[in-house]
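Right, one structure below, let's go through it.
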Amino acid sequence: VEVDDRMPFDGQDRPLLPLSSDPLELWPLILARAVYKLSAAAPPPGAGAGRDQAALLRLTGWMTETIPILPSVPKATACNLVSSLLSRHGSAIVAVSLPPTGDAAADSLLSERGLDRTALLTVCEVRQVDDTAGGHAVSDAHGAGGAHGVNGSHADNGNTGARRFVRLQSELMTWRGPFCDMDEMAWSSALASELGWKRMQRLRRVAAGEKLHDFWMDEDSFISLFGSIHVLHAPSSHTAVRIGALSASQAEPSLLMAKAGDDTPAGSRLLTSICVQVARGERPVSLGLSPYRWTDGIEPVPLVALPCADVSAFQIELVAGVAYRVDMCVAAEGGEEQLEELESALPPSLVREGDEEGEQGEDGGGDKRQGEEGDAPVAQGGAGPVIQDGSPPVPARPGFYSVWVGSDSPVRIGDVNTVAKEELSLHVHTVGGRTRPVTAGAWGAVLALRIQPSAAGSVRASVRLPADGLPLACYRLHVIDGETGACTSFAGLSTGGLAFAEGSQGSTLIVDVKAPPGQAMAEVDWAATVLADTEVQVSAVPLEEVSAVEQPYVPNPGFRLFRSCVSCAGGVAVHVACPGAPGAALTLRQLQVDREPEAAGDDRQTSVLRSISGVGCVTLLGLEPPAEGSSAEALIECVIDAPCAISTLHLPTRPVAAQAAPPGEGGQAAEGEAGLVWTMRVVGPAGLTVKEDDSYDKSLAALAASWEAAQAGRAAKAKAAREAYLAQVADRGAAADEDGDEKNGEREGGA
């Protein structure tokens, strides 16, 4: 942060920044100025108190937590909270403030009562007395604070046998409302005795010219007037800070951990202070804090979900030795209304932006160099430590955040991978690459990983893709077991905990995508993180694809589209689609050959190892490795379910000759024969091979050869007979057509 020696002064030439007792020491002024300048980067519209909170935290280590006093909660809540905070002797200072805005009538009433919206009042104590102590039930029923309605009503706490009073202190104002020292009607000797209040002595001291700054206020007035409770938490013994950048949707998550030690055994609860400062554009930012269980596949419910406008702070009890995940999320487009609601709940602004440099402010205040009496003041527009440099103003830094954590036990906050590795003793591996492109409306496997553990343990893998790509719902994540070929699919791009036994052959992780119509997936960068409690080897797997062009359905009794042999080393994905028949009921299955053909003309006898069904398209991920001693290839086939093939698609089971066409016109294919086409895509590791299973064709060829050998010329005679039969059928059809034409002509003539 760059600053010069120009310092802000008010209209009476009094410096507005802290001064040293030694007039020759300038470092407190310069340091305070730098802190205010840093805190003033990209403030939200109309906010300023957050910058004071951040400056106070950086200068002193005291963290300010702001808690609104809401009219919808029981009225005892505010005093109960203040009492609890004051019981932490020396660890917190409690103050209250009025709502930042109100109507003219409320402002006039506050002025009559001696209150000012811009000041903080320190809370000294809360006392509870019996109603028998006397005193009139006088309360501020006018709602002058401007936050709790006209009558300042709150939900009643039901405590009718006692009354509570709050003692406040301020050097900037003198309370002239109910239960002030001058209120003879409200006080009684019994009440003064209960509160330990020597009112008459105080009146004599005031008459002698002494200024007294504390006063009592009843609970009803306290709740109806004040809008926020401010808790200044004492500096923590141990602190940690995390600074990061916000993307369009969220930041990289952080991991927070309160460490266990000799004085704080694992499992004990530690009071932890957390302060968040954000510098962002127009969209609001929120913080989420949730337990971090690295083997979980889905995110747990957050313990804290806090909207962050400028500076926000809170305290929470964390379990020592347990890690917590911290997420900073940016609201989606259209969150401006939510931002305005957040900012309207901010405490009163103690710092106001000034007018343009060179214009005279109303109070005549401005900047001048320390020690220079004759310089003309530079207008600031209002009282407050507003910084104006000779250099250009600090540019806003939207998209950045800082999280400050403090506790009496050592704390750690950092990126997930680093903290998981150093604090949770996990093995962390990262790998990345480029995805395979996918055309619009098509399916494709875009990336693959190979995970091989060295011993029994648990592994979790997660994949990150660019946020500006396809919607997350288009992707699927699958893990294929290297030993059995079984596939497990996950919702989202994280696996959760995967258990591996001793001697496991590992797994292959595949991400596939179905691109929506009209939107293709280009090559993009991807990154994967693998966490494990044992040593693992992680590597990206280059993918190859074997695609079959559109093939027509060939009529057969089983409505089979194809039967092919696929090499099944590593993870393999097979996808079949019928582009022109979105209602086709498909079944894709892997077969096991139980017995080869015993005689010529016989087919293999098979059984189904695994199958999957789909409508319009179907994908089979993972193939079961072949048994020892058998072929290294897997036998797969795809069939159309018989009811769908017969009733919906009207597919034939036998070849049908094309209908004769008039001269000059093309032939028309028989119904069902050329109306259905299919495509097959096989994606797998390098060396992938796909070939048609021709065992049945070979068996039929062997049968034909045996017939030819037994009777020479049999094939030629059969061919000649078939051609003669087809010619005869064609002649009959032509004659029938001529006869029909003659009859039609006769009917037309008669007509």
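Measuring with a 1.4 angstrom probe and ignoring ligands and nucleic acids, residue 243 comes out at about 120 Å² accessible.
The figure for residue 115 is an accessible area of roughly 20 square angstrom, using a 1.4 Å probe on the protein chains alone.
Subtracting the Cα-Cα distance of residue 408 and residue 700 from 0.36 nm times their residue separation leaves 96.7 nm of extension gain. Across segment 417-429, coupling constants 3J(HN,Hα) worked out from phi with the 6.51/-1.76/1.60 Karplus curve, θ = phi - 60°, read 5, 5, 5, 4, 6, 8, 9, 9, 6, 8, 8, 10, 10 Hz, and Gly and Pro carry x. Working note: Karplus 6.51/-1.76/1.60 with θ = phi - 60° gives segment 233-246 the couplings 7, 4, x, 7, 5, 10, 9, 8, 9, 10, 10, x, 9, 9 Hz, where Gly and Pro are set to x. At the residue level, residue 653 shows approximately 60 square angstrom of accessible surface with a 1.4 angstrom probe and all protein chains present. Quick one: go through segment 215-251 and flag any residue whose amide nitrogen is under 12 Å from the point 7 Å out along the Cα-to-Cβ line of residue 91. Output list for this probe position: 233-237. Estimated at 0.36 nm per residue, the fully extended path between residue 4 and residue 262 surpasses their Cα-Cα distance by 88.1 nm. For residue 486 and residue 710, the FRET efficiency from 1/(1 + (r/R0)^6), where r spans their Cβ atoms and R0 equals 60 Å, is about 0.75.
Among all the lysines, which ones have a C-alpha under 19 Å from residue 198's C-alpha, if same-chain residues fewer than 8 places away are not counted? Partners within reach: 211.
Here's how it looks for residue 483: its modeled amide H is under 5 Å from those of 505, which are all 5 or more places away or on a different chain. FRET efficiency for the residue 654 to residue 632 pair, using the beta carbon distance and R₀ = 60 Å, is estimated at 0.95.
Amide H contacts of residue 61: none lie under 5 Å away among residues 5 or more positions distant or on a separate chain (H built 1.01 Å from N in the peptide plane; Pro and chain starts excluded). Of 299, 219, the residue with the largest accessible area leads and the full order is 299, 219 (1.4 Å probe). Rounded to the nearest Hz, the phi-derived 3J(HN,Hα) couplings of segment 633-645 under the Karplus curve 6.51 cos²θ - 1.76 cosθ + 1.60 (θ = phi - 60°) are 10, 9, 9, 10, 8, 10, 10, 9, 4, 4, x, 5, 5, where x marks glycine and proline. Simple spin-label estimate for residue 185 and residue 724 gives 13.1 nm between the two label positions (7 Å along the Cα-to-Cβ direction from each Cα).
Database remark: amide H of residue 561 closer than 5 angstrom to the amide H of 638, 639, 640 (H placed geometrically; neighbours at sequence offset of 5 or more, or on other chains; Pro and chain starts carry no H). Taking 222, 400, 490 and ordering them by how much accessible surface each has at a 1.4 Å probe, largest first, produces 400, 490, 222.
The values are calculated or read from the model by the stated rules, or taken from the named source; none is laboratory data. Quick caveat, the model's predicted, so the values are computed rather than measured. Glycine gets a Cβ as well: all are built from the backbone with ideal geometry, and neighbour counts include every protein chain shown. Heavy atoms of the whole protein, side chains included, go into the accessibility calculation; ligands, DNA and RNA do not. Shrake-Rupley method; radii C 1.70, N 1.55, O 1.52, S 1.80 Å.
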